[in-house]
Amino acid sequence: MALRTDAGRREGNEDSVLSMRLASGSLVVAVADGMGGLELGDVASRTALQALRGAMTRGATLGEAVREANRAVHARASGRAMGTTLVAALAEGTQVTVANVGDSRAYRCTPLGLRRITVDHTHGEEARQAGAAAPTGALADRWASALTRSLGTRPEVEVDVFGPFDLDDGDCVLLCSDGVHGVLADEAIERWSQDLRDLDGAIEALLRGALESGSEDNVSAVALHRPAQPRGVQSAALRRSGSAWDPKLLVERSPVPRPSRFGVKQFLLGLVGIAAAVLGGMAVWMGMR
């Protein structure tokens, strides 16, 4: 296992990452991408992972734990515009279960190719899934990337759960935020997955590749890899001693220098709303002529 998060070109980091061992020996990993501005997004992503950790420790299923994380973020928001995406994986032996809300993704990387596990909860992805034609024009990309589902915006949320499925020899499960997959094509991620002998170095290279490809967002990723051959050099994360959960060791977050009221995603959603209102007004005016 290896994990990393980086503020990238942003002043602060709204992403958080998690890795924890349960008493059973199972491993839980997660990536959360907060929304609401530097202060609120940071709080939302950390709150979600803390709630997920607590629920899994108490024996909840992965889906139940994600729903508990949603309730925790919603309570913490107290009516403020804050929320977070969440993608998480539970590895029990060679069996892996994945859950997600939002547009942070999970991939299964195998020696034979790459397969996306999760479905983005965005207007664009849901239109494609339904076979509908996506709109065109200046606001099309912003509309397509706007979230239809996230943690914290409602008291309850629908959670997608995938698996369990077998992680075969040589397979890897990759969790990442949209700061990574938004700029790296599937072909680039597939090429990256072909050499995971140094998993910590590979995760660092993945985030560096996303930033070099133009990502202007925070970048975060967690990888679970089952080597095809007996393990040589063990991942640094697994060599760490101490308790199963130590935030100083297992959650890597960049410092947040100062708060900001609005996040980029909320700004884009606002633009979409304004454009819709203007177009609606024009339609009414043309109809009256």
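The values are calculated or read from the model by the stated rules, or taken from the named source; none is laboratory data. Here the structure is a predicted model, which is why all the values come from computation and not from measurement. Heads up, the Cβs are rebuilt from the backbone with ideal geometry, glycines too, and the neighbour counts pull from every protein chain shown. Calculation scope for accessible area: heavy atoms of the full protein, side chains included, ligands and nucleic acids excluded. Shrake-Rupley method; radii C 1.70, N 1.55, O 1.52, S 1.80 Å.
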* Asked: Can you list residues whose amide H is under 5 Å from ALA2's amide H, if they're 5+ apart or on another chain and H is modeled 1.01 Å from N?
  -> ALA223
* Work out, step by step, the length gained on full extension between GLN95 and ALA81: first 0.36 nm times the residue separation, then minus their alpha carbon distance; give nm to one decimal. => 1.4 nm
* Tell me, how many Å apart are the Cα centres for region 159-215 and for region 15-58? -> 19 Å
* Sort region 1-100 into rounded, prolate or oblate with this rule: let a ≥ b ≥ c be the square roots of the eigenvalues of the Cα gyration tensor; rounded if a/c is under 1.5, and if a/c is not under 1.5, prolate when a/b is larger than b/c, oblate otherwise. => oblate
* Structure fact -> What the Cα atoms of region 42-113 span along the principal axes, largest first and in whole Å, is 46, 27, 15
* Asked: Using the Cβ atoms and a cut-off under 10 Å, what net charge is assigned to the surroundings of VAL173, where Lys and Arg are +1 and Asp and Glu are -1?
  -> +1
* What whole-number value in Å² describes the accessible area per residue of region 84-195 for a 1.4 Å probe? -> 44 Å²
* Two-decimal Rg/Rh across region 132-214, once Rg and the Kirkwood Rh are taken from alpha-carbon atoms -> 1.04
* Find out how many positive minus negative residues lie around PRO111, taking Lys and Arg as positive, Asp and Glu as negative, among other residues whose Cβ is under 12 Å from that of PRO111. => -3
* Does region 63-214 come out rounded, prolate or oblate, given a ≥ b ≥ c as the square roots of the eigenvalues of its C-alpha gyration tensor, rounded meaning a/c under 1.5 and, failing that, prolate meaning a/b above b/c? -> oblate
